[in-house]
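The values are calculated or read from the model by the stated rules, or taken from the named source; none is laboratory data. What you see is a predicted model, and the numbers here were worked out from it, not measured in a lab. Using ideal geometry, Cβ is built from the backbone for each residue, glycine included, and neighbour counts are taken over all protein chains shown. The accessibility values were calculated without ligands, DNA or RNA, using every heavy atom of the protein model including side chains. Shrake-Rupley method; radii C 1.70, N 1.55, O 1.52, S 1.80 Å.
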Amino acid sequence: MPGFVDAHVHFPQVRIVGSATGPLLDWLERSVFPEEARFAEEAYAREVAGELVARMLAAGTTAAAIFSSSHPGATDVLFAELARAGMRAAVGLTLMDQACPEALRLPVDRAMAASAALCERWHGHDGGRLSFAVTPRFAISCSRGMLEAAARLASDRGLLVQTHVAENVREGEETLTAHPWGTDYLDVYDRVGLVGGRTLLAHAIHLSPSEWDRVAARGARIAHCPDSNFFLGSGRMRAHAALERGVPVGLGTDVAAGRTFSVRRVMGSAWDNALCIGQRLEPSVLFHLATLGGAAALGIDGVCGSLEAGKDADLAVIDLPASVGDAAGALAELCFATDQTRVRASCVRGRCVHGKLAWDPSR
């Protein structure tokens, strides 16, 4: 099958999976920010980058949208590890210049200079398999000047924008306190030019119907992260609000609020999330969101996400029981039987980079 696409994952949170220290803003302060400060040390970043790539490939993930830390050196290290493995990824230096620890604060001028340098070095690397993404953490941690500079950089260079929106009720309230010129959370990003056809918004739990209409009108995309939303108690995203408006949706593990690197497990969480709000996502839809839908959310569906002539042979090879006799049974196993079936191998461009195969997928 095509390799999985993880539409939202955090590189500097790999080692704090399961850190249950409260809802979003408390968890950031108590668990995330202290760990992310360690990425000033490039040797530490290099260790964790190897762990991240290995765990994604072990889960059958061959493409991802990744938040780095606010350290340019750590971001460069991550790009290098992804290049070594041959994975496809959009990676961003996380932008923060306010409401964060001093060890993580990156002033606007330094942030833009570092982003430009990383973009020059890595954007389009290896035939386009690696790309640089403009990555404001979220509106609370970015001044208006940072948001405006990020929008200019993305526009000037045609880059993906990835950020968080409407994940937590208190977060939404503090966003409008920090940016009182915005009429709602989405408007803060929209007014500075950050919402468009190359924008990937994670979570989107508490968007109003009018905000959903604007997401669709601007051509933005959504990363649905149900496991993370369960863990932090953030709420339930209504996937149908996006899908019924034609908004591209991918699934994100959102490690480390997400407790798994497996997009398959996130498919199960997305099923549970939908049932909790009286909706239903069929296994065929979940499979689409985990593969071609995720690729569309990242803007890379022309080169990966499905098994078609002319696309890269980015594959996950998964053992299914002999009792599975049709497509419905295969989808059920893939979505819900993650303890019974395993990823035997992951391949990028037909080259086996995790596990072992008795045959050569490149032939």
Subject >> Cα pair distances in segment 251-303, grouped into 5 Å bins until the bin that holds the longest one, percent each >> reply: 5, 21, 25, 23, 19, 6, 1, 0
Original post:
List the GluC sites (Glu not before Pro) in segment 234-334 that DSSP assigns to loop (not H, G, I, E or B) and whose Cβ has at most 12 other Cβ atoms within 10 Å. Which are they?
Top reply: GLU244, GLU308
Subject >> Where segment 258-334 is the region considered: accessible area per residue in Å², 1.4 Å probe >> reply: 41
Original post:
Tell me, what is the Rg over Rh of segment 222-286, with Rh the Kirkwood radius over Cα pairs?
Top reply: 0.93
Original post:
In Å, what Rg and Dmax follow from the Cα atoms of segment 143-246?
Top reply: 13.2, 38
Subject >> Whole-angstrom gap from segment 165-202 to segment 286-363, using each part's C-alpha centre >> reply: 35
**OP:** Treating the Cα atoms of segment 271-363 as identical point scatterers in vacuum, please give the log10 of the normalised Debye intensity I(q)/I(0) at q = 0.14, 0.22 Å⁻¹, two decimals.
**Re:** -0.63, -1.26
**OP:** Kindly provide the pair-distance distribution of segment 115-158 built from C-alpha pairs, with 5 Å bins from 0 and whole-percent values in order of increasing distance.
**Re:** 5, 23, 27, 21, 14, 8, 3, 0
**OP:** Normalise the Cα radius of gyration of segment 1-92 by 2.2 N^0.38 Å (N = residues in it) and let me know the number.
**Re:** 1.07
Original post:
Considering only TRP181, LEU28, TYR44, whose Cα is most displaced toward the positive end of the charge dipole of the chain, charges sitting on Cβ of Lys, Arg (+1) and Asp, Glu (-1)?
Top reply: TYR44
Subject >> Spherically averaged projected area in nm², based on the convex hull that wraps the Cα atoms of segment 209-363 >> reply: 10.4
**OP:** Let me know the shape class of segment 12-55, please: from the alpha-carbon gyration tensor, a ≥ b ≥ c as square roots of the eigenvalues, rounded when a/c is under 1.5, otherwise prolate if a/b is greater than b/c, or oblate.
**Re:** oblate
**OP:** Add +1 for every Lys or Arg and -1 for every Asp or Glu among the other residues with Cβ under 14 Å from the Cβ of PHE230, and state the total.
**Re:** -1
Original post:
How much of the accessible area of the chain, in percent, comes from carbon and sulfur atoms when a 1.4 Å probe is used?
Top reply: 50
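Across the chain, how large is the tail of the calculated P(r) beyond 34 Å, expressed as a percent of all Cα pairs?
On the way: 12510 of 65703 pairs.
Result for the distance tail: 19 percent.
Find the accessible area per residue for segment 138-246; the probe is 1.4 Å, ligands and nucleic acids are left out, and the unit is Å². Mind dumping the intermediate values first?
Details: 3800 Å² over 109 residues.
Normalised by residue count, the accessible surface of segment 138-246 is 35 Å².
Return the loop-located trypsin sites (Lys or Arg not before Pro) in segment 108-162 (DSSP other than H, G, I, E, B) with at most 14 other Cβ atoms within 10 Å of their own Cβ; answer none if there are none. The partial results should precede the final answer.
Details: sites: ARG110, ARG121, ARG129, ARG137, ARG144, ARG152, ARG157; in loops: ARG129, ARG137.
The qualifying sites: there are none.
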**OP:** Please list GLU81, GLU51 in order of solvent-accessible area, largest first, computed with a 1.4 Å probe with all protein chains present.
**Re:** GLU51, GLU81
Subject >> 5 Å binning of all Cα-Cα separations within segment 7-155, expressed as whole percents from 0 upward >> reply: 2, 10, 20, 23, 21, 15, 8, 2, 0
**OP:** Give the distance, in whole Å, between the Cα centre of segment 28-99 and the Cα centre of segment 212-253.
**Re:** 23
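Looking at the square roots a ≥ b ≥ c of the eigenvalues of the Cα gyration tensor of segment 66-144, which shape do they give, rounded for a/c under 1.5, prolate if a/b is larger than b/c, or oblate? Walk me through the numbers before you get to the answer.
Working: a/c = 2.27, a/b = 2.13, b/c = 1.06.
Prolate shape, in that a/c is at least 1.5 and a/b is the bigger ratio.
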Subject >> Percentage relative contact order, segment 1-75, counting C-alpha pairs under 8 Å, at least six apart >> reply: 52
